[in-house]
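Following this message is one structure expressed as structure tokens.
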Amino acid sequence: MNVPFFDLSRQYQMLKPEIQDALQRVMDQTAFSGGPFVDRFEEELAAYTGVNYAVGLNSGTSALHLAMLVHGIGPGDEVIVPANTFIATAWGPSYAGATPVFCDIDPLTWNIDPESVRSKISSRTKAIIGVHLYGQPCNLDALRSIADEHGLVLMEDGAQSIGATYRGQKTMAIGDIAATSFYPGKNLGAYGEGGALFTNDQTVAEHAKSLRSHGSKQRYFHDEIGYNYRMEGFQAAVLSVKLRYIDRWNARRREVAALYLEDVKNPKITFQSREPESTGVFHLMVLTTENREHLRDYLAEQGIGTAFHYPHPCHLQKAYADLGYKPGSIPNAEAQAAHCLSLPMFPEITDEEAMAVVHALNAY
Ligand SMILES: Cc1ncc(COP(=O)(O)O)c(C=O)c1O
């Protein structure tokens with residue numbers, strides 16, 4: 001049986017009439033950039049996550065950039081970032097002129113390691129970005145204590161974790177500020193690019209709204225250098241439809257994850273551990289194994305699609321060569337990057353497909 005790594009078309013077939021109706025309404029109102037569909041989606045998203053304000057943007061990367069600017073982070077400042085995340089987590093500080101300082105991950109949860117965070121704090125540190133990698137919340141309690149102890153801003157990168165909870169609260173609602181992405185492959189994906197910033201602070205929300213629209217609160221008056229980071233009406237309309245399904249889809253992801261976690265019995269394979277007080281959303285189902293290229297090829301021969309998230313850690317990217325990190329400097333993140341393999345995981349995958357993957361893994 002062929003099992004795709006990911007298939008968005010199944011979801012689109014299911015949503016087609018609703019999506020087409022939503023897009024038609026945007027066209028009827030010619031509300032293409034910002035406007036009423038974005039306003040409505042922001043309200044729905046804020047209510048869903050339990051945060052006072054959600055600011056709709058054109059990408060998750062823009063959200064991370066604005067998270068820095070609204071907290072006054074810029075040149076000379078340092079922001080601690082886990083080394084095994086999608087590179088955009090580090091772009092946030094870099095775009096703002098600050099320096100990302102890469103720290104290690106916990107060897108079991110593969111999320112940011114609070115002890116490593118502590119070891120990276122300097123007099124220049126201004127913030128910590130906790131990434132909820134693969135949709136599993138990171139250790140927010142420990143990060144909160146460190147941030148409070150050192151007067152740092154705690155940011156959540158929830159690009160992979162919409163709907164995940166930590167101690168009963170949704171991710172995005174716990175840090176001082178949070179960013180998410182609606183890239184089409186995310187568990188809440190737009191039909192194009194999109195992202196959002198979350199804050200409980202009205203002044204911060206208004207500042208972010210001004211920055212996303214050319215630094216302007218009043219038309220043709222520009223208080224500071226701003227950006228064109230607005231969310232499109234089409235994306236907001238699609239996301240409003242999809243937000244109504246997110247709990248159902250996340251629940252289905254957990255069901256599929258349970259098949260993998262309970263039925264894969266091969267000692268060559270290790271899955272991600274989870275924080276005890278958290279309910280993750282399994283945006284990705286990642287394993288580690290000694291020779292992941294071998295396992296990838298073995299699965300491919302059986303028609304099973306896989307991917308690597310992420311095969312090269314941030315600190316060893318050429319873009320950050322000037323920061324001077326050497327191989328071996330962030331060992332757990334490097335080991336994770338060298339051994340990770342992502343399995344098929346999306347809400348529309350059938351039990352038969354998931355079990356075909358399980359059987360293949362057990363026979364490996
Ligand atoms: C952890 C993480 N942070 C940030 C981003 C950036 O989001 P975007 O692609 O919407 O700019 C992504 C996804 O691409 C991500 O996975």
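For a quick check: sort Arg10, Arg296, Arg124 by the number of other beta carbons within 10 angstrom, fewest at the front. Walk me through the numbers on the way to the answer.
Details: Arg10 15, Arg296 18, Arg124 12.
Placing the least packed residue first, the sequence is Arg124, Arg10, Arg296.
Additional query: Using only alpha carbon positions, build the gyration tensor of the stretch 246-362, then give the equivalent ellipsoid semi-axes as the square roots of 5 times its eigenvalues, largest first, whole angstrom.
On the way: eigenvalues 153, 63, 34 Å².
Its equivalent ellipsoid spans semi-axes of 28, 18, 13 Å.
Quick check on the exposure proxy: order Ile246, Ile129 from fewest to most C-beta atoms within 10 angstrom. List each step's numbers first, then the result.
Values: Ile246 17, Ile129 31.
Ascending number of Cβ neighbours within 10 Å: Ile246, Ile129.
Can you tell me how much longer the chain between Tyr364 and Asn200 gets when fully stretched, taken as 0.36 nm per residue apart minus their C-alpha distance, in nm with one decimal? Write down the numbers at each step before the final one.
Working: separation 164, 0.36 × 164 = 59.04 nm, distance 4.87 nm.
Gain on extension, Tyr364 to Asn200, equals 54.2 nm.
Using a simple spin-label model with points 7 Å from Cα along the Cα→Cβ vector, what separation in nm is obtained for Phe271 and Asp7?
Here the modelled spin labels are 2.2 nm apart.
Going toward the positive end of the dipole of the stretch 9-243, with +1 on Lys and Arg Cβ and -1 on Asp and Glu Cβ, which of Ala236, Gln29, Val79 do you reach last?
Of Ala236, Gln29, Val79, it is Gln29.
Rounded, prolate or oblate: which one fits the chain, using the alpha carbon gyration tensor with axes a ≥ b ≥ c (rounded when a/c is under 1.5, else prolate when a/b beats b/c, else oblate)?
Details: a/c = 1.92, a/b = 1.16, b/c = 1.66.
Oblate, since a/c reaches 1.5 and b/c is not below a/b.
Step through the residues of the stretch 216-232 one at a time and calculate ³J(HN,Hα) from phi using the Karplus curve (6.51 cos²θ - 1.76 cosθ + 1.60, θ = phi - 60°), rounding each to whole Hz and writing x for Gly and Pro.
10, 9, 10, 3, 6, 10, 10, 6, 7, 5, x, 9, 9, 10, 5, 7, 7
Which is farthest toward the positive dipole end of the chain among Ala173, Leu66, Phe198, measuring Cα position about the Cα centre, with Cβ charges +1 (Lys, Arg) and -1 (Asp, Glu)?
It is Leu66, whose Cα lies furthest towards the positive end.
So who's got an amide H within less than 5 Å of the one on Val153, skipping anything under 5 residues away but keeping other chains? H placed 1.01 Å off N, in plane.
The answer is Ala127, Ile128.
Given springs between every Cα pair under 10 Å in a Gaussian network model of the chain, which of Asp176, Asp113, Asp141 has the largest fluctuation?
Asp141
Among all the lysines, which ones have a C-alpha under 19 Å from Lys186's C-alpha, if same-chain residues fewer than 8 places away are not counted?
Lys16, Lys170, Lys242
Once you have the Cα-Cα distance between Arg254 and Glu43, take 0.36 nm times their residue separation minus that, and quote the gain in nm to one decimal.
On the way: separation 211, 0.36 × 211 = 75.96 nm, distance 2.66 nm.
73.3 nm is the gain from fully extending Arg254 to Glu43.
Right, something else. For the residues Phe37, Phe234, what sequence is obtained by ranking on other C-beta atoms within 10 Å, fewest first? Please report the intermediate quantities before stating the final value.
On the way: Phe37 25, Phe234 21.
Lowest to highest Cβ neighbour count: Phe234, Phe37.
I've got another one for you. Calculate, for Tyr245 and Ser122, the FRET efficiency according to 1/(1 + (r/R0)^6) with r their C-beta to C-beta distance and R0 56 Å; round to the nearest 0.05. The partial results should precede the final answer.
Numbers: r = 44 Å, r/R0 = 0.79.
In this case the efficiency is close to 0.80.
Whole Å is fine, so just give me how far the alpha carbon centre of the stretch 200-246 lies from that of the stretch 13-53.
14 Å
Given the -39500 (n - 2.57) contribution per DSSP H run of 4+ residues, what per-residue ellipticity at 222 nm results for the chain, rounded to the nearest 500 deg cm²/dmol?
Working: 12 runs with 143 residues, N = 364.
My calculation for the chain gives -12000 deg cm²/dmol from helical runs alone.
What does the charge dipole of the stretch 1-138 about its Cα centre add up to, to the nearest 20 debye, if the Cβ of each Lys and Arg holds +1 and the Cβ of each Asp and Glu holds -1? Please report the intermediate quantities before stating the final value.
Details: 8 positive and 14 negative charges, 47 e Å.
Roughly 220 debye, rounded to the nearest 20.
Which lysines have a Cα lying under 23 Å from the Cα of Lys318, excluding residues fewer than 8 positions away in the same chain?
Straight-distance partners of Lys318: Lys120, Lys326.
Which parts of the stretch 112-140 would a label at His150 reach, counting a residue when its backbone N lies under 15 Å from a point 7 Å out along Cα-to-Cβ?
112-131
Need the full-extension length gain, Met27 to Phe308, defined as separation in residues times 0.36 nm minus the C-alpha distance. One decimal, nm. If you can, show how the numbers build up before the last one.
Numbers: separation 281, 0.36 × 281 = 101.16 nm, distance 3.83 nm.
Extra length from Met27 to Phe308 when fully extended: 97.3 nm.
Which percentage, to the nearest 5, of the DSSP beta bridges contained in the chain is antiparallel? Can you show the working numbers first?
Values: 25 of 42 bridges.
For the chain, the DSSP antiparallel bridge percentage is about 60.
How big is the charge dipole of the chain about its Cα centre, in debye rounded to the nearest 20, if each Lys and Arg gets +1 on its Cβ and each Asp and Glu gets -1 on its Cβ? Mind dumping the intermediate values first?
Numbers: 30 positive and 42 negative charges, 76 e Å.
For this selection, approximately 360 debye.
For the pair Glu115 and Met355, how long in nm is the line joining their label points, each one 7 Å along Cα→Cβ?
Between Glu115 and Met355, the simple spin-label model gives 4.2 nm.
Quick note: the coordinates plus some simple rules give every number you see, no bench work behind them. Computed from a predicted model, the values in this text were never measured in an experiment. Positions of Cβ are generated from backbone atoms using ideal geometry, with glycine treated the same way; all protein chains shown enter the neighbour counts.
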